[in-house]
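Below is one structure, written out as structure tokens; comments come after it.
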Amino acid sequence: MSTHPLVELAQRLVPAHVVSGDVESSDGRLDALRREGLREFVRMGIPTTRHEEWKYTNLFPFIGLDYSYAPVRWSERAASTDARTSMTEVASALGQHISIRIVDGVVEANLTNVPDGVDILELTSDIVENDKDVARTLGSGAPIGSHPFVALNTALLESGIVIRLRKGVQCELPIHLSVETTANASTLIAPRLLIIAEEGAEADIIHSSHTSGGATVLDVTVVEASIAATAHIRYYKIADDSDASRSISSVTADVHRDATFTSHALSIGGRFVRNDLAIRLCEPSSQGFLYGVSLLAQSEYTDNHTVVDHMVPHCHSEELYKGIYDGSSTGVFNGKIYVRPQAQKTTAYQSNHTLLLSSKAQVQAKPQLEIWADDVKCSHGATMGQVDDEAIFYFRSRGIDEATAKALLTYAFVSEVAEKISLEGLRELVMRRIARRLSAESILA
Amino acid sequence: MTPLLQITNLHASIEDREILKGIDLTVNAGEVHAIMGPNGSGKSTLASVLAGREDYSVTEGSVLFNGKELMELSPEERSREGLFLAFQYPVEIPGVSTANFVKTAVNESRKHRGQEPLEPAAFLALMRERMALVEMDPSFLQRSLNEGFSGGEKKRNEIFQMAMLDPVLAVLDETDSGLDIDALRIVASGVNALRRADNATIVITHYQRLLDHIVPDYVHVLWNGRIVKSGDKSLALELEQRGYDWLKQEAAVEA
Ligand SMILES: Nc1ncnc2c1ncn2[C@@H]1O[C@H](COP(=O)(O)OP(=O)(O)OP(=O)(O)O)[C@@H](O)[C@H]1O
Ligand SMILES: [Mg+2]
């Protein structure tokens, strides 16, 4: 069997000394990780739809393209307007914020407004060697052995960002990581983000990608978060990108005693989005909140695979995803909840609701609850529906046209989860997108 | 003077079943018409066809509204031109507040007339004033439209919307059903307060008691898809006493 071009690319990119390095040699933690990543990626290869976890994820149309890898400084820096516009829109929705940008592989962080106790570092081999926290967190959460693209990202690990919040720091300004890529030929990027929240820290972290140039950008992102006791992190993954982007991401969070991790997966633009999110509630009284909005049109595809792992007693998780699918788009939701035998007094709730705006749109939803403890409260629910014709006629009979009526009903549908977005500007951005997608911008007045 | 509404030989069917079988009706500005008739005779169908419900196909006839062919307009255009239907069964819309719904509706009509949207403060004041007309509590503004409203509250909400949209022609489909005696009086006086020389009202009802409050100039009886009898307000009193059987027999003889 011939080697897949992407595997070949990875093999080509990982230097020989890393591939062959043995533990005795001088290579450090980063090289060891890269070697493991490459080994796992080669072992697993590209998943096909025969693979249970990738059943609906059709990678075929783009995965075999002839990618070049562009982690490092490009000579040509034509920050194009597309990437600019969507990036600026997210940035302006945030108002005042801390901005970290990876523009064509180059980190451009404006750190003038970063408060004391917030460290924003570039992930270099130096840092990985010398910073104990970073060394401990990097590679500790991401499923290198089971997710082929996490393995790929790890094999290529070369640049990334560390956001560390020191003990007790409440970062008032939202922190925005924006990955901006201009591609004139098929390009692979592999950003990595580490979030280290020490005891009692609190922050909003917004993560978005922006593609321009017209050629396909395959964005393979890995985020690992370690949330210490009593810390509270709200993480927003925004897909608001051009048609040229193909995004595959894995986010993992380890949540400790009395801490919370809140995730918002906001897919409001982008041709192909596959989000894997795994939250491990690893100490008592930790909490995980998983929210998602997928607004899809045309032939867009968004696939949310979530796992909440209740490892210990007295933890709480709450999951609410809403999908609005128009055109011939497809939305996938796969939600796993594990409640381990010792995890008594768990409360875990999951729901996934879909509004189909077109008869050609498709939805695949699969809750998977595996509960081994007996004293728990768990529930899941899924609904799927269309806008109600009676309701539309009622609106129209009051002078409100069909597009506006649909937009208002869609607003109503999505508001339950949109209300969970604590950053007002982001919430408005989502609502604006809905209005724009449904050609009903008049309702924004 | 052009009539406000002129229906000529209107036929309409649903799923190949003819429900309206040749309706003729003329309504002039300043008039109140009552339409009565047994269950299933086609009263709500007529109201729906006027409002533009797409389930019905109009197979024959014409409807002129202010001289314009109504059947060529979309439901929203009809509303913006000044037609209002108070639904027999108002729809519940979870998640859309009454205030937001009414605001959107009013601003669409204003836009149609080339007017600017109302300022939020002015709008709120107007809403409060018009709610007072039907003695509706302002707390309803923040609630989801009709969701969990009692039958009577829904009907008041319809008349509140009518007051906000200030239509040229209002069609009230059994707005009295489900109302208690006090609410009936309140809703009726709300409707009366909105009457002017340049607008008109069609009330569909089964009961004389509404017509005690909203006094009609004409009463029509719809039976089996046709208007089989028209008269003045005394016809309603006669129906109250005699029921519909004598009319059905008369109609059968004529046919
Ligand atoms: N969607 C439909 N499919 C089939 N028949 C229908 C449909 N809608 C209405 N009809 C029929 O049309 C006829 C007229 O109904 P309509 O609702 O207009 O009566 P109505 O005069 O308003 O009666 P009521 O006094 O009970 O409100 C009835 O026989 C009804 O069953
Ligand atoms: Mg009826």
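The values are calculated or read from the model by the stated rules, or taken from the named source; none is laboratory data. Keep in mind it's a predicted model, so treat the numbers as computed, not measured. Neighbour counts are summed over all protein chains in view; Cβ atoms, including those assigned to glycine, are modelled from backbone coordinates with ideal geometry. Accessible surface is based on the protein model in full, side chains and every heavy atom, while ligands, DNA and RNA are left aside. Shrake-Rupley method; radii C 1.70, N 1.55, O 1.52, S 1.80 Å.
Tabulated data
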| read-out | value |
| --- | --- |
| Per-residue ³J(HN,Hα) for segment A:104-110, Karplus 6.51 cos²θ - 1.76 cosθ + 1.60, θ = phi - 60°, Hz, x for Gly and Pro | 6, x, 9, 7, 10, 9, 9 |
| Normalised convex hull volume, the protein assembly as shown, alpha-carbon set, Å³ per residue | 199 |
| Cα-based reach from A:Lys167 at 24 Å (exclusive), listing lysines while leaving out same-chain residues under 8 positions away | A:Lys132 |
| Table column - 3J(HN,Hα) (Hz), segment B:158-166, Karplus curve with 6.51, -1.76, 1.60, x for Gly and Pro | 4, 6, 4, 4, 4, 5, 6, 8, 6 |
| Net charge, A:Gln11 excluded, C-beta distance under 14 Å - Lys, Arg +1, Asp, Glu -1 | +3 |
| Label-point gap, in nm, between A:Asn130 and A:Glu36 - each point 7 angstrom along Cα→Cβ | 2.3 |
| Listed residues A:Ser379, A:Val339, A:Tyr411: farthest to the positive end of the dipole of segment A:338-417 (Cβ charges) | A:Val339 |
| Only Lys, Arg (+1) and Asp, Glu (-1) charged, at Cβ; segment B:5-254 dipole about Cα centre in debye | 360 |
| Convex hull volume per residue in cubic angstrom - Cα atoms of chain B | 129 |
| Options A:Val217, A:Asn113, A:Leu438, ranked by Cα towards positive dipole end of chain A, top entry (Cβ charges) | A:Leu438 |
| Positive-end residue of A:Ser351, A:His207, A:Val103, charge dipole of segment A:5-387 with Cβ unit charges | A:Ser351 |
| Entries in A:Lys237/A:Lys420; A:Lys336/A:Lys366; A:Lys406/B:Lys43 that, when Cα-Cα distance is taken, lie over 19 Å | A:Lys406/B:Lys43 |
| Computed FRET value (nearest 0.05) for A:Lys360 with B:Ala252, which takes r as the C-beta separation and R₀ as 51 Å | 0.50 |
| Over segment A:388-445, relative contact order from alpha-carbon pairs under 8 Å, at least 6 apart, % | 35 |
| Shielded by partner chains, segment B:98-134 residues - at least 20 Å² of accessible area, 1.4 Å probe, vs chain alone | B:Phe101, B:Thr104, B:Ala105, B:Glu108 |
| Karplus (6.51, -1.76, 1.60) ³J(HN,Hα), θ = phi - 60°, over segment A:189-195, in Hz, Gly and Pro reported as x | 10, 9, x, 9, 10, 10, 10 |
| Simple Cβ-charge dipole of the protein assembly as shown, Lys/Arg +1 and Asp/Glu -1, about Cα centre, in debye nearest 20 | 180 |
| Efficiency of FRET between B:Glu69 and A:Asn58 - r from beta-carbon atoms, R0 56 angstrom, step 0.05 | 0.65 |
| Virtual paramagnetic centre 7 Å along Cα→Cβ of A:His17, amide N under 19 Å, in segment A:25-55 | A:25-38 |
| Spin-label model distance (nm) - A:Thr3 vs B:Glu129, 7 Å beyond Cα toward Cβ | 8.0 |
| Residues of segment B:55-82 with amide N under 19 Å of the 7 Å Cα→Cβ point at B:Leu118 | B:79-82 |
| Between segment B:66-92 and segment A:373-423, the Cα center-to-center distance that results, in Å | 26 |
| Over segment B:1-124 - Rg/Rh using Cα atoms and the Kirkwood inverse-distance radius | 1.01 |
| Sum of side-chain charges, A:Leu123 neighbourhood, beta-carbon under 13 Å (Lys, Arg +1; Asp, Glu -1) | -4 |
| Charge context of B:Leu118, other residues only, Cβ under 9 angstrom, K/R +1, D/E -1 | 0 |
| Relative contact order [Cα under 8 Å, 6+ residues apart], segment A:124-206, whole percent | 36 |
| Student exercise, segment A:151-293 dipole from Lys, Arg, Asp, Glu Cβ charges, in Debye to nearest 20 | 180 |
| Calculated FRET efficiency for the pair A:Asn184/A:Glu370, C-beta based, R₀ 51 Å, to 0.05 | 0.65 |
| Mean separation of Cα contacts under 8 Å, 6 or more apart, over the residue count of chain A: relative contact order % | 10 |
| Amide hydrogen neighbours beyond the local backbone of A:Val307, cut-off 5 Å, H modeled | A:Leu277, A:Ala278, A:Ile279, A:Lys336 |
| For B:Asn199, residues with placed amide H under 5 Å, excluding near neighbours | B:Gly30 |
| A:Asp243 paired with A:Thr85, simple spin-label distance in nm, labels 7 Å along Cα-to-beta-carbon | 1.3 |
| Unsatisfied cross-links (Cα-Cα over 27 Å) in the set A:Lys360/B:Lys111; A:Lys322/B:Lys155; B:Lys68/B:Lys154; B:Lys103/B:Lys154 | A:Lys360/B:Lys111; A:Lys322/B:Lys155; B:Lys68/B:Lys154 |
| Share, in percent, of DSSP beta bridges within segment A:5-387 that are antiparallel, nearest 5 | 5 |
| Residues with amide H under 5 Å from that of A:His380, placed H, sequence gap 5 or more | A:Gln350 |
| Alpha-carbon centroid distance for the pair segment A:216-244 / segment A:159-208, whole angstrom | 7 |
| Calculated [θ] (222 nm, deg cm²/dmol) that DSSP helices of n ≥ 4 give over chain A, each run adding -39,500 (n - 2.57) | -7000 deg cm²/dmol |
| Spatial extent of segment A:5-387: Rg and Dmax, with the Cα atoms as the point set, Å | 20.0, 64 |
